1. Could you line up T41, T48 from fewest to most neighbouring Cβ atoms inside 10 Å?
2. Sort T38, T3 so that the residue with the fewest other Cβ atoms within 10 Å of its own Cβ comes first and the one with the most comes last.
3. What's the exposure ranking of K26, K43, K2, going from fewest to most Cβ atoms within 10 Å?
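FYI, it's all coordinate maths here, none of it is from the lab. These numbers were taken from a predicted model, which means no experiment stands behind them. Quick reminder, even Gly has a Cβ in these numbers, built from the backbone with ideal geometry, and neighbours come from all protein chains shown.
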Amino acid sequence: MKTSLRVLIVEDSEFDARILVTVLRKGGYDPAFQRVETEETLKEALQTGQWDVVLADYNLPSFSAPAALRVEIQPTGRGDTIALDGSCGRPWPFDGS
């Protein structure tokens, strides 16, 4: 039996978001997901949905994973955001500032 997982994906590429969902399914999860790509749509999704995790592309044309983490922490006091970057090749530190 697969584990249910509510996933908010901060990603400008629908293709890349679908890859993430496929990987989660192969890993034993049954993800219910929504894709957003701007700060405004992220804020709206955080207000209207209940998410287990936020997966964020590190660099977007008009947004970033550090900005997504700050948006999530401000209203909830928690930071369940995982930053993803296919070109970074190194750990991504976040100091909360």
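1. T48, T41
2. T3, T38
3. K26, K2, K43
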